[in-house]
1. Around A:K175, under 12 Å between beta carbons, what's the net of Lys plus Arg minus Asp minus Glu among the other residues?
2. Longer than 25 Å from Cα to Cα, which of A:K40/A:K359; A:K147/A:K320; A:K476/A:K557; A:K514/B:K333 are they? Say none if no pair is.
3. Are any of the pairs A:K35/A:K439; A:K569/B:K322; A:K140/A:K175; B:K57/B:K265 more than 22 Å apart by Cα-Cα distance, and if so, which?
4. Direction-averaged shadow area of the convex hull around the Cα atoms of chain B, nm²?
5. Any idea how far the Cα center of region A:538-601 sits from the one of region A:263-279, in Å?
6. Bin width 5 Å, alpha-carbon pairs only: give the P(r) of region A:236-291 as whole percents, running from 0 to the bin holding the largest distance.
7. Find how many whole Å separate the alpha carbon centroid of region B:158-175 from the alpha carbon centroid of region B:23-101.
8. Return P(r) of the protein assembly as shown (all Cα-Cα pairs; 20 Å bins starting at 0; whole %; ordered from short to long distances).
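No lab work stands behind these numbers, since they all come straight from the coordinates. Just so it is clear, the model here is predicted, and its values are computed rather than measured. Using ideal geometry, Cβ is built from the backbone for each residue, glycine included, and neighbour counts are taken over all protein chains shown.
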Amino acid sequence: MLFSFANIFAQEGSDTLTNIVGVDVVAGKMNFTSKLSTIKLDKEILSTKSSENLDQILRDYSGTNIKTYGYNGMSNIGMRGSNSSHTAVLWNGINLQDPLNGGVNLSLFPVFLIDNINIQKGGSSALFGSGAIGGSIHLKSNQEFNKGLNSTFYTGIGSFGQYQGGMGINLSKSKFTSSLKVYYKEAQNNFPFENTEQFGTPIQEQTNAQYQQFGLLQENSLIINKQQKLNTSVWWQKNSQNLPPQMSSLSSEKHTDNESLRAIVDWMYLKGKSNFKIRNASLFSTLIYSDKEINLIAKHRSFSNISEAEYNLNLRKKDKLQIGLNNTFEKGYSDSYLDNTQRNRIAVFSSYKWKPLKKLNFDISLREEFVENRFTPLTYTLSANIIDIKGLSTHLQLAKNYRIPTFNDLYWIDGMAMGNPNLKDESSFGEVIELAYIKAINKSNFRIGFNAFNTIYTNQIQWVPVLGIWQPTNNKEVWARGIETNIEYGLNIKNWNFSLKGNYNYTLSTIEKKNNSESDDILSKQLILTPIHNGNIAYKMSYKSIELEYLQEFIGKRFTTADNTEWLKNYSLGNIILNYSKEVMDKKFTIGFRFNNIWGTVYQSMPMYAMPRRNFEFSLRIWI
Amino acid sequence: MKKPIIILITLLSFWACEKDKPKEEELPKDKIAYYISNEGAYGYGNASLSLYYPEDKKLINKAFKNTNNRSIGDVLQSTYIYNGKLFMMVNASSKVEVAKAESIEELGVISNLSLPRYMVAENNKGYISSWGNGGQIKIIDTQNLTIIDSVETGTGPEKLLISDDKLIVCNGGGFTEDSTISIIDINTNQLIKNEVIGDIPMDIMEVDNQIWVLCKGKILYDDAWNIIGHSASKLVLLNSDFEKEQEYILFNEQHPSHFALSEDKKTIFIGGGYGFNGIYSFDLNSKTLNTNPISNESFYGLSTAEGLIYGFLSPDFSSSGKMIIMDESGNVKSRLVVGVGPNGMGF
């Protein structure tokens, strides 16, 4: 990742290939995204991160603020001043945002099951649909042919009773691949901490924070002939997690059981300069929340079936056209709904890349969605790209994005809260300018990037007390704007590699319109839990097969009240990663050691959730 | 190359050590104080205590945090002062924090109770209504701060009152509903009975040896959660056997949660709670409700003291609320910014 300078020139996806083997299931849409604000983590990088979850990877490398409800607890992300339901997480092109609450828990995605991660900052609803307002995270599997039979194992052990292991087997023939990965992880999370929020500031051990995760991923890819390829993926995962008490509370008996099953079938057809893709995904999810203290058990289930057809055409001068149709059927069940709820959404989308000059291109993407009996507003992305004029690249973009209300927003009902079936879609309109300069001198590379964004979020959904009942309304408007800077330096001397990468983000995200019931004091104030300053640096050095990496993350002050009268303190964490890899007779192994929070920082990611000080993880991965 | 990195890391580490010290304000001594409970936003652990000194008209916010350098917890439901001790019922943290009433210095914490709400005390015994375990009164020793007994009540016990040797508890229903009051013998710590008096009993007071209960009433829904009607809110007067002697309908379609007594003990002011607008007065002599409110604001909490009405505005639970001080005619004397989600005060 630290030597990923070439990425920004990789404007052409692999769809330009004339061989069906290289046609990627998601490359078509990625052709129309900005490469300047995309962070790519490929299989090689992720192979040394097998024991980590997606939230940890994003915390280390994306320079974004990850909000975590306790160590190894539920995690979500906010990009460019947006909130957690504004970031789409797509697996092989399928949006995994839950139709019930719009959220994705990043701590439930083990890196061992993922081959590629692309982190795309900025909204792109015209390409990826509802929910991709602040950014999107793309998880993808690799299918490699002609690699024979191989297998991989990994095991890990960490502080606070953390054990994990996984194995994978992959059969790779010239026209067929099949792989199976299974994975298990558990932790006690019983770390000691000084509870500054309790009488006498006792040193205590975290309680009720245990979790178990078990996952299985099975994927196949079949080349039917020179024109056709078929992929299937099935991902089953089960998680059982206790929810720890907040520091000011004495105990917790809260627990969640989460189970998901995701299945995708892709068929791709290649002819000449065009390809045609059809995919169908079925997503099942169950969440059972319980709290013994108040005798509460709440069950929530959702089902989504997403069908998509996409046609990509490569025109003369490398112009590209994409048109597509998406049908998403969603069904939700909850103890807090009157009945099963469902809806059907049909979207048409199209993108065109016009490349009048070798180093100049323009993209336009459009999407129109029909939800049940209404059309959503037309969403679009317009962008201009100047690529590598003496090392300088520029991307300008105007985009309108949207998010449709979740089932909870629409249909939740109990004695204290009531959904609002008349909610409008959230929308955003924003402008972005991105600049990057790259310079390579002898054996060193240098890149500096600068992005500025300005976005207005309108009709934001917010639950407020209305006549004694909490109800969602559409009255909130948020203005997010800021700058992102990043810098990369890489140096290669014989067997030594050095690299330095840093991100810094300045984000103002202020409330401009509010609900009538809210205080006037919240206007023009920063959104809660959204740091104005955040960033990270990563320093890596490697000698032959030994890698040493130092990571420092810093998160600024985050307000916890809408009128900005209270806040969480800023914090900065340092981590060290040491990896050693060796190949012996076609067999490779990697030993990893990770030392987290080396400065022993006391911090809170979310209010009142204790986090551990220094802790360790060991891992071993073998490829046979 | 390495030097700038080390400098950068050092700077970042120093930056991380920056302290946000609260502004401390010295608490007046030997002054009457009102103890305002600010619930905070549920799940954020930012409940706070505000102190108001009526003699000097002085307000001090975040008094507990400034004194003890930590937060109270999640959802400060109520405060109660007894024998120089301040008891803070921290609902969502399932604990009672105890501090010196004058200096707010922490004294201890009472645990092993679930979802505490309100407290009364007598003879060094405190009675705390708690929603957990189906509804209980936790009886505590107010000197050594331990739980000495539990008595089961109806669902969701709220405000309570000691009258002679009886404890009367309003069972407000908690997360569901109830229509009873519990009568407990405080000599034996035994439940005598649960008496049905009206939908959602929330508040209770004794005026001239007469016990009044505010029943909030409720909204009636069909199976599809459509509103099909209301059960009226009412004032219920109890007889000496703690049965309903008389009831006075207040509102057919509005549901106030609190009431408070005027200085001359001739008027009950009614208001407060989610979705209820205004403060109304009920004349105890004529037993009639004045349908013209003395205030039109939507208060969340309501208290009276020394001839003044204290209304608490909690518009959104995500920003600071306000305490509105009025005379008994509703004329506003001052509007003061307190903590997030103020709901009432103890004194």
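1. +3
2. A:K147/A:K320; A:K514/B:K333, as the Cα separations exceed 25 Å there.
3. With Cα atoms farther than 22 Å apart: A:K569/B:K322; B:K57/B:K265.
4. 22.0
5. Going from one Cα centre to the other spans 39 Å.
6. Per 5 Å bin, starting at zero, the Cα-Cα P(r) for region A:236-291 comes out as 5, 14, 15, 11, 11, 9, 8, 7, 6, 5, 4, 3, 1, 0 percent.
7. Between the Cα centres of region B:23-101 and region B:158-175 lies a distance of 23 Å.
8. For the protein assembly as shown, the binned pair fractions read 13, 42, 31, 13, 2 percent.
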